[in-house]
Amino acid sequence: MAQQQANDALAQEFVQFAVGAGVLRFGEFKTKAGRLSPYFFNAGGFDDGAKLGRVAGFYARRLLAAQQDGLEFDMLFGPAYKGITLAAAVVIELARLGRNVPFAYNRKEAKDHGEGGTLVGAPLAGRVVIIDDVVSAGTSVRESIAMITAAKATPVGVAIALDRQEKSAENGVDLPFSAVQYITAELGLEVCAVATLADLLHYLSVTSDATLAPHRHAVSAYRARYGV
């Protein structure tokens with residue numbers, strides 16, 4: 001699948017929306033790897049109908065474009081917890097755009113009554129795309145792959161909102177690849193990102209919002225240090 005360019009129109013529209021919605025913020029934030037990041041992406045900020053509908057539209061449009069590039073899929077899977085809401089919203093938007101597919105998600109704890117088990121929604125079958133917000137270590141993706149393959153379905157891709165394009169870390173040591181690169185090379189899945197760190201930097205370089213200009217240097221320096 002071809003990667004979008006750093007001035008990709010859909011990505012630029014998404015970054016502008018995420019900044020305006022307060023989901024993409026600038027300052028000093030500690031990452032899971034213990035790094036001090038000059039920006040923070042929090043998908044929990046898609047906290048009303050309008051914002052959730054907009055972000056679902058971005059995912060759906062990116063997935064349909066990826067499908068044209070060869071990513072064939074039959075259903076979506078949303079890992080608990082953020083992936084559940086995202087997957088539900090994205091299938092609604094895909095249906096609105098003419099591509100009606102089923103979806104499923106998991107519980108963190110197995111239910112011991114009713115239908116039981118940890119999986120909810122449509123039966124996992126065929127080619128499955130995992131929907132998540134970002135990936136940092138790939139743990140959630142590996143867990144999702146295990147559930148999908150256990151159900152005799154085939155994981156084929158991961159759709160995320162933002163690819164941070166930075167090195168993974170293990171026990172405080174930087175690795176020479178990102179989580180997305182690991183998913184692609186080692187797990188064999190396509191990764192479909194609405195936007196990337198390169199897209200964010202491009203946006204910061206062309207935006208007319210003077211309040212954002214000071215953050216470009218910090219984000220650029222962070223990428224120079226930790227980027228892949």
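The values are calculated or read from the model by the stated rules, or taken from the named source; none is laboratory data. The shown structure was predicted, so the numbers you read here are calculated from the model rather than taken from an experiment. Heads up, the Cβs are rebuilt from the backbone with ideal geometry, glycines too, and the neighbour counts pull from every protein chain shown. Ligands, DNA and RNA are excluded from the accessible area calculation, which covers all protein heavy atoms including side chains. Shrake-Rupley method; radii C 1.70, N 1.55, O 1.52, S 1.80 Å.
A few remarks follow.
- Lys108 being in contact with a helix residue (DSSP H, G or I) (Cβ under 7 Å, 6 or more places away or on another chain) and at pLDDT below 95: no
- Some residue of the stretch 91-113 being open to solvent by 20 Å² or more (accessible area, probe 1.4 Å), at positive phi and more than 16 Å from the chain's Cα centre (by Cα): yes
- Taking residues in the stretch 83-104 that are among the acidic types (Asp, Glu) and outside any loop (DSSP other than H, G, I, E, B), and partners anywhere that are open to solvent by 60 Å² or more (accessible area, probe 1.4 Å) and modelled with pLDDT of 95 or more, the pairs with Cβ atoms closer than 9 Å and at least 6 places apart or on different chains are Glu93/Arg61.
- Within the stretch 171-210, the set of residues being within 21 Å of Gln68 (Cβ to Cβ), open to solvent by less than 20 Å² (accessible area, probe 1.4 Å), out of contact with any helix residue (DSSP H, G or I) (no Cβ under 6 Å at 6 or more places or on another chain) and assigned to a strand (DSSP E or B) comprises Ala193, Thr196.
- Beta carbons closer than 6 Å, at least 6 apart along the sequence or on distinct chains, pair a first residue in the stretch 202-220 that is closer than 19 Å to Ala9 by Cα with a second that is polar (S, T, N, Q) for His202/Asn7; Tyr203/Gln12.
- Contacts under 6 angstrom Cβ, first residue in the stretch 13-25 being more than 14 Å from Gly57 (Cβ to Cβ), partner assigned to a loop (DSSP other than H, G, I, E, B) and open to solvent by 10 Å² or more (accessible area, probe 1.4 Å), 6 or more apart: Val23/Asn42
- Answer residue from the stretch 158-170, given it is touching a Lys or Arg at 6+ places or on another chain (Cβ under 8 Å) and on the phi < 0 side of the Ramachandran plot and is most open to solvent (accessible area, probe 1.4 Å) among those: Ala169
- Subset tally (residues that are touching a Phe, Trp or Tyr at 6+ places or on another chain (Cβ under 9 Å) and either free of Cβ contacts under 8 Å to residues at least 12 places away in the same chain or open to solvent by less than 50 Å² (accessible area, probe 1.4 Å) (or both)) for the stretch 54-82: 13
- Qualifying position, being exposed (fewer than 14 other Cβ atoms within 10 Å of the Cβ), in contact (Cβ under 8 Å) with a residue 24 or more places away in the chain and not hydroxyl-bearing (Ser, Thr, Tyr), among Lys32, Lys51: Lys32
- When residues of the stretch 22-48 are limited to those that are under 17 Å from the mean Cα position of the chain (by Cα), over 15 Å from Asp199 (Cβ atoms) and of a type in the set (A, V, I, L, M, F, W, C), the one modelled with the lowest pLDDT: Ala43
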